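First comes the structure, then the notes that go with it.
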Amino acid sequence: MPPAAPTLRTLAKVLGLSRTTVSDALRGSARVDPQTALRVKQAAHEAGYRRNPLAGALMSELRRSRGTTFRGVLAAIDFNEPDRPAGAALYHRELSAGVGARATELGFKTERFAVGQAGVSVPRLDSILQSRGISGVILLPVWGDPDLSHLDWTRFAGIYTDYIIERPRLHTVCSDQFRSLLAALQRLAPLGYRRPGLFLQKHQDERLQYRWSAAFRAFQENHPGIKPIPPLIVDRYQRADFIRWFRRCRPDVVLSHNSDVIEWMESCGARLPATHGYVCLNLHMKNRPCAGLDLQPHTLGARAAELLIAQLQHNETGIPESPSTTMIPARWVDGPTLRTSAPA
């Protein structure tokens, strides 16, 4: 038979220390003498001991709740970003709700932590999570390029709920924008739309490695019946830029995140849905009824919670050697900005 896996109890017996001292040393508690802590960590490494983050979370929660029913805790990390689009707030709320609902079903609860401006710093976050025994971290989508490499990832398992994060590279759960836009364009063709136009904010495309614009161009190049119209990709949404492009290129349907476009099209004489159409690329950012894509943030959040809890149950902490990406396609939603059949 293979030898039994080392435990806190066996380490304590070999070292001649109490189980509490060994546990505190492995958690990095300041209550343990540094030389003793070093001796404990070396012995644990040599014995092949692996800390169980769920067991640590259990004890932490029991201490805080004085013995009431245990529910594991996941940290939902949001970033205070002043330049994030205002319409992203609803998307984040739905995503967080999906995380919370699925986590509850699996015996966990979530707590939100804000990082950045008017929030805690990354080193402070690391200290809070460790002191609370929280080992599961879900990162909500970011507009910028955050650096969370200063967290002690040997103690944490993480999931990012957007396409890609570099510092550090983690497993991700995200919407499949490429596939979703192709499906939307394929739905528009039978309705008689032959001149689709794409209106994007540059950073919104860049942060997804150009998956919106790539899908749009791929569709144009592979459908001869579609009139190729150059996409309008701008640093900031501006009415004047859009109207110039709209009048010059004459798209018969516009796809964009910004539903102000509907009013701008109407100011140029378009009558939706009689003469033109509009599709919102993220219906959680719309400000009026329209057709478009539901990126399903609630479903994304639920899937993120499942994957993170699976990591914790398998005692998989740290930065993954080969990060994976789980993609979920958007759901199409009909709306009053598109006709329901091709014109005669």
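Throughout, read-outs are computed from the coordinates displayed, never taken from laboratory work. Keep in mind that what you see is a predicted model, and the values were worked out from it rather than measured. Don't worry about glycine lacking a Cβ; one is built from the backbone with ideal geometry, like all the others, and counts go over all protein chains shown.
Points to keep in mind about this one:
- Cut-off 14 Å between beta-carbons: net charge of the residues surrounding residue 113, Lys and Arg +1, Asp and Glu -1: +1
- Ordered by the count of other Cβ atoms within 10 Å of each Cβ, fewest first, 138, 243 give 243, 138.
- Taking the centroid of alpha carbons for each part, region 101-158 and region 209-256 are 38 Å apart.
- Exposed-site-free run, longest, the chain (rule: GluC sites (Glu not before Pro); DSSP loop; at most 15 other C-beta within 10 Å): 1-165
- Rounded to the nearest 20 debye, dipole of region 1-50 from Cβ charges on Lys, Arg, Asp, Glu: 120 debye
- Between helix 297-313 and the chain there is an angle of about 20 degrees, using the helix long axis and the longest principal axis of the Cα atoms.
- Computed about the Cα centre, the dipole magnitude for the chain is approximately 380 debye when only Lys and Arg (+1) and Asp and Glu (-1) carry charge, each at its Cβ.
- Pair residue 218, residue 47: separation of 7 Å Cα→Cβ label points (nm): 5.2 nm
- Extension reserve of the residue 101-residue 117 stretch, reckoned as 0.36 nm per residue once the Cα distance is removed: 3.0 nm
- When only alpha carbons are used to place a centre, region 178-208 and region 260-326 end up 13 Å from one another.
- A Gaussian network model of the chain, with springs between Cα atoms under 10 Å, assigns the largest mean-square fluctuation among 14, 137, 253 to 14.
- Nearby lysines by direct alpha-carbon distance to residue 286 (threshold 26 angstrom, same-chain neighbours under 8 apart not counted): 202
- Per-residue Karplus couplings for region 153-164, computed as 6.51 cos²θ - 1.76 cosθ + 1.60 with θ equal to phi - 60°, are listed in order as 5, 5, 9, 10, 10, x, 9, 9, 9, 7, 5, 8 Hz, Gly and Pro entered as x.
- FRET efficiency estimate (nearest 0.05) - Cβ-Cβ, residue 203 to residue 31, R0 41 angstrom: 0.30
- Once the Cα atoms are used to define both axes, helix 211-221 deviates from the longest principal axis of the chain by about 40 degrees.
- Within straight-line cross-link reach of residue 109, aspartates and glutamates at Cα separation under 18 Å, skipping those fewer than 8 residues along the same chain: 61, 78, 94, 306
- Going through (1) 25.3, 88; (2) 19.2, 56; (3) 22.1, 73, the figure that equals Rg and Dmax of the Cα atoms in Å as computed for the structure here is (1).
- Computed from the C-beta positions of residue 15 and residue 124, the FRET efficiency with R₀ = 41 Å rounds to 0.80.
- Charge context of residue 198, other residues only, Cβ under 10 angstrom, K/R +1, D/E -1: 0
- Spatially proximal lysines relative to residue 13 (Cα-Cα < 16 Å; intrachain offsets below 8 disregarded): 41
- Surrounding net charge for residue 180, when Lys and Arg each add one and Asp and Glu each subtract one, Cβ distance under 13 Å: +2
- Per-residue Karplus couplings for region 37-46, computed as 6.51 cos²θ - 1.76 cosθ + 1.60 with θ equal to phi - 60°, are listed in order as 4, 5, 5, 5, 5, 5, 5, 5, 5, 5 Hz, Gly and Pro entered as x.
- For a modelled paramagnetic label at residue 342, 7 Å from Cα along Cα-to-Cβ, the residues of region 183-221 in reach, with backbone nitrogen under 16 Å, are 185-196.
- In sequence order, region 108-124 has phi-based couplings of 10, 10, 10, 10, 8, 10, 9, 10, x, 4, 6, x, 7, 7, 5, x, 5 Hz under the Karplus curve 6.51 cos²θ - 1.76 cosθ + 1.60, θ = phi - 60°, and Gly or Pro positions carry x.
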